[in-house]
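The structure under discussion appears below in the form of structure tokens.
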Amino acid sequence: MPPALRWAEPPEGPVVVLLDQTRLPTEEVELVCTDVPALVRAIQTLAVRGAPLLGIAGAYGVALAAVRRFDVEEAAAQLAGARPTAVNLGYGVRRALAAHQAAAANGATPEEAAAATLAEARRLHQEDAEASRAVAARGLALLDELLPGGSHRVLTHCNTGALVSGGEGTAFAVALAAHRAGRLRRLWIDETRPLLQGARLTAYEAARNGLASTLLTDNAAGSLFAAGEVDAVLVGADRIAADGSVANKVGTYPLAVLAKYHHVPFVVVAPVTTIDPGTPDGASIEIEQRPGSEVTQLTAPAPAGAAATGPGSGTLVAPLGTQAYNPAFDVTPPELVTAIVTEAGVVSPVTAGGIAELCARSRQVTIS
């Protein structure tokens, strides 16, 4: 699989290259972004997605503006506002912008300031890869502690693998570590309506890595719990508030309720950069509302060379004019979360005090 995101410098000038996730699993097609508006479109259409990777994309986007001599401040504003819920996007943008501003303030030439910005984006990319390795190890250790005896049957939602990360992912990286250790019996994969990130992306990554996995419709999860077939739930996060509330792909909260009722551990896996101390609680998290057409239509991945799909381009599955409710995320309160696993440590039970202590220990949490 090509990397989910990379910086390239062809003769015609530097670009940000993305693995277009809207084409998966049928085709592995790269999308080349030569300017910030193209990258913003890629973010908004979910060609690139996933909280940690959005942070990396945001940082490289600022670097792209600096290297190509675009307005860096304006580029940063466009990128930071592309998707409101995922805190990592703004974090990556601010880090790269701060590097550019610091270099300029110290008398750097435009070329030197651009180089400093790109170096910061690359640093963030490397940090996320290291964080991915650390959360995989910590997550597996927690699973073994919660579920002695191995042979774990894990349910996941949305996509949390290499497609969302500078490394092997967050929650998926834990399942992958369990697989490699011979302790993953089954990975249950929610399809993740309406855009099917579980079916299109997580099943794709599971197959590529040889995991024993089974895909299920989102509304089949309850029967799976009732049958005693789930040992733990592993999910990622797009924003974690100061009180431990977790915003993640819509459909996560019902899984947490099911897990609580059936006494199944519900574990959130995310880098520390996903924690936002400036958001006090779940009610303060801005939830992105997506187009209703994503619910009322089904859109298959476009073949290579075809025009990008958008509202009105799919097959109707509801009467024309039907109103649709389509939040991209929901919020799980901390009392339903067994543990939050980060590269800096595990918070369990999940409390505001535990989150604050974790942030105080981590050098990575610099979100203002």
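Of the labelled figures (i) 131; (ii) 170; (iii) 155, only one reflects volume of the Cα convex hull per residue in Å³ as derived from the coordinates, namely (i).
Count charges around Gly167 for me, please; just the other residues with Cβ under 9 Å from its Cβ, Lys/Arg as +1, Asp/Glu as -1. Walk me through the numbers before you get to the answer.
Values: positive: Arg133; negative: Asp128, Glu130, Glu168.
So the environment of Gly167 carries a net charge of -2.
The mean sequence separation of alpha-carbon pairs under 8 Å and at least six residues apart, normalised by the residue count of the range 5-128, gives a relative contact order of 23 percent. Output the antiparallel fraction of DSSP beta bridges having both residues in the range 216-361, as a percent to the nearest 5. Roughly 65 percent of the beta bridges in the range 216-361 run antiparallel, per DSSP. In summary, the convex hull built on the alpha carbon positions of the range 109-212 has an orientation-averaged projected area of 7.8 nm².
Just flag the trypsin sites (Lys or Arg not before Pro) in the range 68-101 sitting in loop per DSSP whose Cβ has no more than 13 other Cβ atoms within 10 Å.
Values: sites: Arg68, Arg69, Arg94, Arg95; in loops: Arg68, Arg69.
Those satisfying the criteria are Arg69.
Please work out how much length the chain gains when fully extended from Arg69 to Glu357, using 0.36 nm per residue of separation minus the C-alpha to C-alpha distance, in nm with one decimal.
Numbers: separation 288, 0.36 × 288 = 103.68 nm, distance 4.10 nm.
Difference between extended and current length: 99.6 nm.
Of the DSSP H helices in the chain, those with a Cα length along their own long axis of 18 Å or more and a mean Kyte-Doolittle hydropathy reaching -1.0 comprise 51-67, 87-105, 110-146.
In a simple Cβ point-charge model (Lys, Arg +1; Asp, Glu -1; nothing else charged), the chain has a dipole of about 540 debye relative to its Cα centre.
Along the axis of the charge dipole computed for the chain (Cβ charges of +1 for Lys and Arg, -1 for Asp and Glu, origin at the Cα centre), the listed residues Thr274, Ala177, Pro291 are led at the positive end by Ala177. In this simple spin-label model, placing a label point 7 Å from the Cα along the Cα-to-Cβ direction at both Glu229 and Thr34 gives a separation of 5.0 nm. Of the residues His152, Thr34, Val350, the one whose Cα sits farthest toward the positive end of the charge dipole of the chain, with +1 on the Cβ of Lys and Arg and -1 on the Cβ of Asp and Glu, is His152. What does DSSP give for the chain in terms of the percent of beta bridges that are antiparallel, rounded to the nearest 5? Beta bridges within the chain, antiparallel portion: roughly 50 percent. Pairs of Cα atoms nearer than 8 Å and 6+ residues apart set the relative contact order; for the chain it is 15 percent.
Each helix, a run of at least 4 DSSP H residues, gives -39500 (n - 2.57); summed and divided by the residues of the chain, these come to -11500 deg cm²/dmol at 222 nm. Any chance you could tell me what percent of the C-alpha pair distances in the range 5-128 go past 18 Å? Summing the P(r) of the range 5-128 above 18 Å gives 46 percent of all pairs.
Rule-based calculations on the coordinates, nothing more; no lab input. Bear in mind the structure is a predicted one, so any value in this text is a computation, not a measurement. A quick note on method: Cβ atoms are made from the backbone with ideal geometry, for glycine too, and the neighbour counts reach across all protein chains shown.
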